[in-house]
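Notes for the one structure printed next.
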Amino acid sequence: MEHIQNGQCGLCTHFGETHSSSPALVTIMKSHEAPLNMVDECGHPKNATLHLKVTPISGCDGFTPAAQA
Ligand code: SF4
């Protein structure tokens, strides 16, 4: 498990946006920890059409904090 900080995909509202209530994503929100081998789609409007896949420790300037569960 890897610690996820503010600004990283794992805590961004766009990380796995289409299934944001999935248990794995909710767990990351609560614990700020994520598996190293995880990838999910970025739903940011500028990336969605590219089907960009990111890891929880990735990041970009489009970061938007996800609402805390
Ligand atoms: S790539 Fe940027 S917009 Fe997409 S999930 Fe990561 S921080 Fe959020």
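The values are calculated or read from the model by the stated rules, or taken from the named source; none is laboratory data. Since the structure is predicted, the reported quantities are computational estimates derived from the model, not experimental observations. Using ideal geometry, Cβ is built from the backbone for each residue, glycine included, and neighbour counts are taken over all protein chains shown.
Odds and ends about this structure:
- Enumeration of residues in region 11-32 that are under 24 Å from Asp61 (Cβ atoms) and out of contact with any Leu (no Cβ under 9 Å at 6 or more places or on another chain): Leu11, Cys12, Thr13, His14, Glu17, Thr18, Ser20, Leu25
- Some residue of region 29-40 being touching a residue at least 40 places away in the same chain (Cβ under 8 Å), touching a helix residue (DSSP H, G or I) at 6+ places or on another chain (Cβ under 9 Å) and at negative phi: yes
- Within region 43-59, the set of residues being free of Cβ contacts under 8 Å to residues at least 40 places away in the same chain and either more than 6 Å from the ligand (Cβ to nearest atom) or surrounded by fewer than 17 Cβ atoms within 10 Å (Cβ to Cβ) (or both) comprises Gly43, Pro45, Lys46, Asn47, Ala48, Thr49, Leu50, His51, Leu52, Lys53.
- Among the residues of region 7-28, those that are among the β-branched types (Val, Ile, Thr) and more than 13 Å from Thr55 (Cα to Cα) comprise Thr13, Thr18, Val26, Thr27.
- Within region 1-21, the set of residues being at pLDDT 95 or above, part of a loop (DSSP other than H, G, I, E, B) and either touching a Gly at 6+ places or on another chain (Cβ under 7 Å) or of a type in the set (A, V, I, L, M, F, W, C) (or both) comprises Ile4, Gly7, Gln8, His14.
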